[in-house]
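To start, the structure under review is shown below, and the notes come after it.
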Amino acid sequence: MKNSLDSAALDAAIENVRRAGIPGVFAEVWAGDRVWRGAAGVADVATGRPVTAGMRHRVGSVSKTFAAAAVLQLAEAGRIGLDTPIGRYLPELVPGERGDAITVRMLIGHTSGLAEYLPHAYPSLKALPVVADTSPRSLDDHRFTRFDPVELIGMGVTAPAVGTPGGAPGVYSNTNYLLLGRLLERVTGTPAEQYITRNVIERAGLRDTGFPTGPHIGEPHSRLYEAWFGMIDPPRDYSVYDMSWTGVAASLISTVSDLNRFYRLLLAGEIVRPSSLAQMQRTGPVVTHEGAVIDYGLGLYPMEEPGQDTFWGHGGTVWGGGALAMIRADGERQLAVAVNMQRWNGLDASGDPLPHPIDDALAALYRVAMYG
């Protein structure tokens, strides 16, 4: 049955994620009008405080769907042209021929060719994508650093290009979304976080979602444990952290219930028009930070198994925290899940991440949640 909801199977699957090594995991699944919420493990490894399904959580790049929706709303109003060069709006940030060649659409879909600024902002990560040659030292150095988004954008724009504007495959880069944040501010005269809050978050009626105003998440929340591929052992708590290093690209705080509500309304055409949603769902190949090639649209990407229904949504990671939200194309089945540890894989002799039981356990949870 497409909308069957097996609570016992979901309870077992989420417990298996904990047993595989995640300190804490929590999720919400919708099937038609039926809802399951579950949690397993601890929010604090020192005290044993349990995680609960209602906790607030840093959801990382799930934020990108919210930012993309805000830009598309302004495109619907004729205030932004998706195929207008970004140099027309922000010539001081993307000057010259690149500013003329890179469109707003390319930024939303990661086909601009602009490099990721992160390895330049965090010196110990400069060897990325070769993880084995990195160190997590910069994570501690910048715990309370207040980054200027214009400086971060400059790092990405001045770094060697990772592709040609509009070329395939695109390359996933947070520089694109920091530029979209500046675009929102330039067009509306309002800080991007404030504009997204008023026109996307509040429009969706989300009560526990917002951008951080300081380094704290707000209660109730779990601590967030970063392992950095075994280089931090035991994993260290990074739940108190200044998120200006990622801004509108990935700093949003939310709950699994709010994420499910947001994507439900988005696919129902209540956040952007159906015509805009159709543009968000037009995909092309994009290389992720991990080196995988995925189909990516405009702030959305599909997730599916052969012979199964397609789901749309986004995943995200920050230091110590991860989240994934997906909804079936017909809007009748949803999953939102959060975990409180990241980069649990060790590395092989070549520096590539090794398989880990957590990966298989999460994949099994996704299958039970999405396909019943």
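The values are calculated or read from the model by the stated rules, or taken from the named source; none is laboratory data. All values reported here derive from a predicted model rather than from experimental measurement. For neighbour counting, all protein chains shown are included, and Cβ atoms are generated from backbone atoms with ideal geometry for every residue, glycine included.
Just to verify a result, which residue in the stretch 186-239, among those that are of a type in the set (Asp, Glu) and in contact with an Asp or Glu (Cβ under 9 Å, 6 or more places away or on another chain), is surrounded by the most Cβ atoms within 10 Å (Cβ to Cβ)? Can you show your working first?
Step one: filter the stretch 186-239 for residues of a type in the set (Asp, Glu), giving 193, 202, 208, 219, 226, 233, 237.
When the remaining residues are screened for being in contact with an Asp or Glu (Cβ under 9 Å, 6 or more places away or on another chain), the result is 208, 226, 237.
Working: 208: 19, 226: 24, 237: 18.
Out of the qualifying residues, it is 226.
Out of everything in the stretch 325-345 that is surrounded by fewer than 24 Cβ atoms within 10 Å (Cβ to Cβ) and among the aliphatic types (A, V, I, L, M), what residue ends up being farthest from residue 131 (Cα to Cα)?
Applying the filter and picking the extreme gives 329.
State all residues of the stretch 273-293 that are surrounded by fewer than 18 Cβ atoms within 10 Å (Cβ to Cβ), hydroxyl-bearing (Ser, Thr, Tyr) and part of a helix (DSSP H, G or I); if no residue qualifies, say none.
To start, the set of residues in the stretch 273-293 that are surrounded by fewer than 18 Cβ atoms within 10 Å (Cβ to Cβ) comprises 273-275, 278, 281-285, 288-293.
Next cut, hydroxyl-bearing (Ser, Thr, Tyr) only: 275, 283, 288.
Within the stretch 273-293, just 275 meets the criteria.
Hey, which of the helices (runs of 4 or more DSSP H) in the stretch 53-125, taking only ones fully inside, have at least 3 residues that are more than 20 Å from the chain's Cα centre (by Cα) and touching a residue at least 24 places away in the same chain (Cβ under 8 Å)? Talk me through it step by step, then tell me what you get.
Values: elements: 63-76, 86-89, 96-101, 104-108, 118-121.
Output list reads 63-76.
Determine if the stretch 180-201 includes at least one residue that is part of a loop (DSSP other than H, G, I, E, B) and of a type in the set (Phe, Trp, Tyr).
Quick first cut of the stretch 180-201, residues part of a loop (DSSP other than H, G, I, E, B) only: 189-191.
From what is left, the residues that are of a type in the set (Phe, Trp, Tyr) are none.
Within the stretch 180-201, none of the residues are part of a loop (DSSP other than H, G, I, E, B) and of a type in the set (Phe, Trp, Tyr).
Is one or more of the residues making up the stretch 310-318 surrounded by 18 or more Cβ atoms within 10 Å (Cβ to Cβ), out of contact with any strand residue (DSSP E or B) (no Cβ under 7 Å at 6 or more places or on another chain), at pLDDT 95 or above and aliphatic (A, V, I, L, M)?
No, the conditions are met nowhere in the stretch 310-318.
Suppose we filter the stretch 129-140 for residues that are surrounded by fewer than 15 Cβ atoms within 10 Å (Cβ to Cβ) and over 16 Å from residue 227 (Cα atoms); how many remain?
Here the count works out to 1.
Hey, can you tell me all the residues within the stretch 1-40 that are closer than 18 Å to residue 357 by Cα, touching a strand residue (DSSP E or B) at 6+ places or on another chain (Cβ under 7 Å) and in contact (Cβ under 8 Å) with a residue 24 or more places away in the chain?
Passing the criteria: 10, 11, 14, 15, 17, 22, 23, 24, 25, 26, 40.
With a cut-off of at least 3 residues that are within 13 Å of the chain's Cα centre (by Cα) and either touching a residue at least 12 places away in the same chain (Cβ under 8 Å) or at negative phi (or both), name the strands (runs of 3 or more DSSP E) lying wholly within the stretch 294-364. First the steps, then the outcome.
Values: elements: 301-303, 311-318, 321-328, 333-339.
Fully inside the stretch 294-364 and qualifying: 311-318, 321-328, 333-339.
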